[in-house]
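The values are calculated or read from the model by the stated rules, or taken from the named source; none is laboratory data. For clarity, every value in this text was computed on a predicted model and none was experimentally measured. As a convention, Cβ positions derive from the backbone with ideal geometry for all residues, glycine included, and neighbour counts pool all protein chains shown. Protein only, heavy atoms only, side chains kept; ligands, DNA and RNA dropped before computing areas. Shrake-Rupley method; radii C 1.70, N 1.55, O 1.52, S 1.80 Å.
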Amino acid sequence: MKKVVSLTRRAIEDYNMINEGDKIAVGVSGGKDSLVLLCALAELSRYYPKKFTVTALTLDMGGDGDFSEIEALCARLGVEYYVKRTNIREVVFDIRKEKNPCSLCAKLRRGALTDFAIEHGCRKIALGHHNDDVLETFFLCLMYEGRIHCFSPVTHLDRRGVFQIRPMIYVRERDIRGAARNAGLNVVKSGCPADGTTKREEMKELIARLEKEQPPGLRKRLFRAVRDSSIDGWGQGE
């Protein structure tokens, strides 16, 4: 966890993600990424020069979730925790019967999480996207949309007056997995019916294959290409 906190702090400072007095919402699904992000920000909030507070928010996708483990973790961390029931799973899979559900699901979740954060006085939302997500998103945009693009470290939703921040963009997924294991976090497996069969999984496999075929350091070179590009929001890092 110490390595995750260190890299998280570096990203926060490189991209000026946190200001004095911020109340930051962390969207917590119960997966390793959101749990580790919650722990890292809770730890950082104890000594970071700019004082901020953390609030954990969970969207119950179908009204049948058990979030007692997350509630217990938040109690140990001293973090406020709230759950909101939604019908997102029903809309995506039962009503709309989406063949490629990820885009609609993500859109609905973003909107619901933004509303939920505003309800609790949070104008910044921390998302658990990590270094591997950056590369996979870059490849997805390149191969399926034909454009050089990726999500930004900081996104301003100007119509809502909310900022989305991604403090773990320097953290590898394997380090998140190790931190979750070492901290004894009870990670919940995704209940999404499409889990493991998405285009993102294809990109993950592609990058892993390229990494075996190319000279060492491929991931670092790819990330540097994103960081040093003209993609909106990336130019100021490191």
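I'm trying to understand the selection: among the residues of the range 137-156, which are open to solvent by 50 Å² or more (accessible area, probe 1.4 Å) and within 17 Å of the chain's Cα centre (by Cα)?
156
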Next on the checklist: Given the options 6, 29, name the one that is assigned to a helix (DSSP H, G or I) and within 26 Å of residue 234 (Cβ to Cβ).
Outcome noted: 6
Item to check | Qualifying residue in the range 100-108 (condition: surrounded by 13 or more Cβ atoms within 10 Å (Cβ to Cβ), of a type in the set (D, E, K, R) and either in a loop (DSSP other than H, G, I, E, B) or at pLDDT below 95 (or both)) | outcome: no
Checklist outcome for this item: Subset of the range 157-174, residues of a type outside the set (Ser, Thr, Tyr) and surrounded by 19 or more Cβ atoms within 10 Å (Cβ to Cβ), comes to 162, 163, 164, 165, 166, 167, 168, 169, 171
Next on the checklist: Here's a check for you: in the range 166-193, which residue that is at pLDDT 95 or above and assigned to a loop (DSSP other than H, G, I, E, B) is farthest from residue 155 (Cα to Cα)?
Outcome noted: 172
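Looking at 51, 23, which one is in contact with a strand residue (DSSP E or B) (Cβ under 7 Å, 6 or more places away or on another chain) and open to solvent by 60 Å² or more (accessible area, probe 1.4 Å)? Even if it seems obvious, please write down each step before you answer.
Working: 51 fails: in contact with a strand residue (DSSP E or B) (Cβ under 7 Å, 6 or more places away or on another chain).
Selected residue: 23, the only one of 51, 23 that is in contact with a strand residue (DSSP E or B) (Cβ under 7 Å, 6 or more places away or on another chain) and open to solvent by 60 Å² or more (accessible area, probe 1.4 Å).
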Checklist entry - Taking the range 138-172, which residues are farther than 16 Å from residue 33 by Cα and among the polar types (S, T, N, Q)? => result 152, 155
Item to check | Members of the range 196-229 found to be of a type in the set (Val, Ile, Thr) and not in a helix (DSSP H, G or I), listed by number | outcome: 197, 198
Checklist entry - Could you count how many residues in the range 1-31 are under 13 Å from the mean Cα position of the chain (by Cα) and modelled with pLDDT under 95? => result 5
Next on the checklist: Of everything in the range 56-73, what is closer than 25 Å to residue 3 by Cβ, buried (at least 20 other Cβ atoms within 10 Å of the Cβ) and touching a residue at least 40 places away in the same chain (Cβ under 8 Å)? Give them in sequence order.
Outcome noted: 70, 73
